[in-house]
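Enquirer: Handing you this structure, nothing more for now.
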Amino acid sequence: MERTVELARLWDRIVARRRDIAVLVRDALRVPVIRRYAGMSRATLSDGRVVESTDNLLGRFGGLVGGKTGHTSDAGWSQAAFARSGGVGITAV
């Protein structure tokens, strides 16, 4: 028998160190399709709907390759991002 669990119930129990998140962002952005979509401030879906990112840094911070925002009740808001300028890259969490 298959068991399903609502992801929202599990999310507050997930614990990740800043280093874990930085490595995840760095490695994910090495995948071209992830890098392309992670850096978009808006996208048009195949049905014509337009969706906009809630990441306020996209399109406003030069050199930003992509990032991810998130929120949990215990940790509050978070931002993980990768930026590149002058041949130097930095991942920030």
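Read the figures in this text as sums done on the coordinates, not as results from a lab. A quick note: this is a predicted structure, and the numbers were derived from the prediction, not measured. Counting neighbours? That spans all protein chains shown, and the Cβs are built from the backbone with ideal geometry, glycine included.
Enquirer: Give, as a single signed number, the net charge of other residues whose beta carbon lies under 15 Å from the beta carbon of residue 37, with Lys and Arg counted +1 and Asp and Glu -1.
Expert: Taking every other residue near residue 37 into account, the sum is +3.
Enquirer: I need the phi-derived Karplus couplings for segment 68-78: 6.51 cos²θ - 1.76 cosθ + 1.60, θ = phi - 60°, integer Hz, Gly and Pro marked x.
Expert: 8, 9, x, 8, 10, 5, 7, 8, x, 7, 9
Enquirer: Now for a separate question. At 10 °C and 1.306 mPa s, grab the translational diffusion coefficient of segment 14-93 from Stokes-Einstein with a Kirkwood Rh over Cα pairs, rounded to a whole number in µm² per second.
Expert: Using the Kirkwood radius from Cα pairs, D works out to 117 µm²/s.
Enquirer: When the Karplus curve 6.51 cos²θ - 1.76 cosθ + 1.60 is applied with θ = phi - 60°, which whole-Hz ³J(HN,Hα) does each residue of segment 35-46 get, with x for Gly and Pro?
Expert: 4, 4, 6, 5, x, 8, 8, 7, 8, 9, 6, 4
Enquirer: Ranked highest first by the average count of other Cβ atoms within 10 Å around their residues, in what order do 23-29, 45-51, 81-87, 64-70 fall?
Expert: Values: 23-29: 15.7, 45-51: 7.0, 81-87: 13.7, 64-70: 17.7.
Taking the mean over residues of other Cβ atoms within 10 Å, the ranking is 64-70, 23-29, 81-87, 45-51.
Enquirer: List the residues, sorted by chain then number, that are 5 or more residues from residue 65 or on another chain and whose placed amide H is less than 5 Å from its amide H.
Expert: Correct list: 82, 83, 84.
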